[in-house]
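Structure, as structure tokens:
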Amino acid sequence: MIKVLFVCLGNICRSPLAEAIFNHKIQALGLSRSFKSDSAGTSDYHIGELPDERSIQCAQRKGLEINHRGRQVNRTDFRDFDYIIAMDESNLRNLQTMKSKYNYDDKEIFLMRDFVTGWEGLPVPDPYYGGEEGFDEIYQILEVSIDSFLTKIKAEHQLYA
Ligand code: 4NP
């Protein structure tokens with residue numbers, strides 16, 4: 001079982017949407033049994049909350065279901081997840097600090113858009129303070145990024161769908 005954790009700041013906008021897109025794609029590929037996915041936030045701002053209504057609506061427009069409650073990244077995540085994927089540089093820096101504090105210095109942390117050639121270093125922009133259109137924008141970015149991520153891990157783990 002390959003374990004994938006998507007991480008943003010609040011765990012109510014970007015990372016739950018990433019998780020929903022990822023789950024939908026692995027289901028369509030018939031690979032659900034090979035993966036476990038989850039999402040979490042670096043902050044404690046929205047623990048226990050449902051995702052932002054705009055993320056839920058955005059997912060619904062694409063026929064996806066979001067099932068998640070906000071939670072904060074914790075020590076055991078660095079042990080339990082094979083791929084920890086940050087949405088932007090700020091999330092990445094926070095995760096690097098946390099992994100050192102928890103003695104997981106060797107754990108590699110990924111940046112979501114780095115999986116796409118030409119998008120290296122770019123953020124999945126924080127849509128929280130913007131309008132609804134920002135959610136459709138991040139959906140498109142996440143879809144392309146997750147497709148590239150899946151191509152990479154299917155090859156790495158010799159999964160043939
Ligand atoms: P997310 O978006 O990190 O994509 O879940 C945000 C959600 C909440 C806040 C910031 C970003 N906030 O400041 O509460």
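The values are calculated or read from the model by the stated rules, or taken from the named source; none is laboratory data. The structure presented is a predicted model; accordingly, all values stated were derived computationally and were not measured. Heads up, the Cβs are rebuilt from the backbone with ideal geometry, glycines too, and the neighbour counts pull from every protein chain shown. Ligands, DNA and RNA are stripped out before the accessible areas are found, and what is left, the full protein with its side chains, is counted by its heavy atoms. Shrake-Rupley method; radii C 1.70, N 1.55, O 1.52, S 1.80 Å.
Here the range 52-103 is the region considered, the condition is being touching a Pro at 6+ places or on another chain (Cβ under 9 Å) and of a type in the set (Ser, Thr, Tyr), and the residue that is farthest from Ser39 (Cα to Cα) is Ser90. Test each condition in (1) within 16 Å of the ligand (Cβ to nearest atom); (2) open to solvent by 20 Å² or more (accessible area, probe 1.4 Å); (3) under 15 Å from the mean Cα position of the chain (by Cα) for His46 and report the one that comes out false. Checking His46 against (1) within 16 Å of the ligand (Cβ to nearest atom); (2) open to solvent by 20 Å² or more (accessible area, probe 1.4 Å); (3) under 15 Å from the mean Cα position of the chain (by Cα), the one that fails is (3).
Of the numbered criteria (1) farther than 15 Å from Val144 by Cα; (2) within 13 Å of the ligand (Cβ to nearest atom), the one Asn74 fails is (2).
Residues in the range 123-161 that are open to solvent by less than 70 Å² (accessible area, probe 1.4 Å), β-branched (Val, Ile, Thr) and more than 15 Å from the ligand (Cβ to nearest atom): Val144, Ile146, Ile153.
Take Tyr83 and tell me if it is away from the ligand (no atom under 14 Å from the Cβ) and within 14 Å of Val4 (Cβ to Cβ). Taking the combined requirement at face value, the residue satisfies it.
Select, from Ser34, Ser55, Ser15, the only residue that is under 28 Å from Tyr160 (Cα atoms), crowded, with 22+ Cβ neighbours inside 10 Å and modelled with pLDDT of 95 or more. Even if it seems obvious, please write down each step before you answer.
Numbers: Ser34 fails: crowded, with 22+ Cβ neighbours inside 10 Å; Ser55 fails: under 28 Å from Tyr160 (Cα atoms).
Answer to the selection: Ser15.
The set of residues from the range 69-108 being open to solvent by less than 20 Å² (accessible area, probe 1.4 Å) and free of Cβ contacts under 8 Å to residues at least 60 places away in the same chain comprises just one member, Phe78.
Of the set (1) surrounded by 15 or more Cβ atoms within 10 Å (Cβ to Cβ); (2) closer than 20 Å to Glu156 by Cβ, all apply to Ala40 but (2). Among the residues of this structure, Glu120 does not count as one that is at pLDDT below 95, surrounded by fewer than 20 Cβ atoms within 10 Å (Cβ to Cβ), away from the ligand (no atom under 16 Å from the Cβ) and part of a loop (DSSP other than H, G, I, E, B).
Among the residues of the range 9-36, which ones are within 16 Å of the ligand (Cβ to nearest atom) and of a type in the set (S, T, N, Q)? Spell out the reasoning first.
Here is the first cut: in the range 9-36, the residues within 16 Å of the ligand (Cβ to nearest atom) are 9-22.
Residues satisfying the conditions are Asn11, Ser15.
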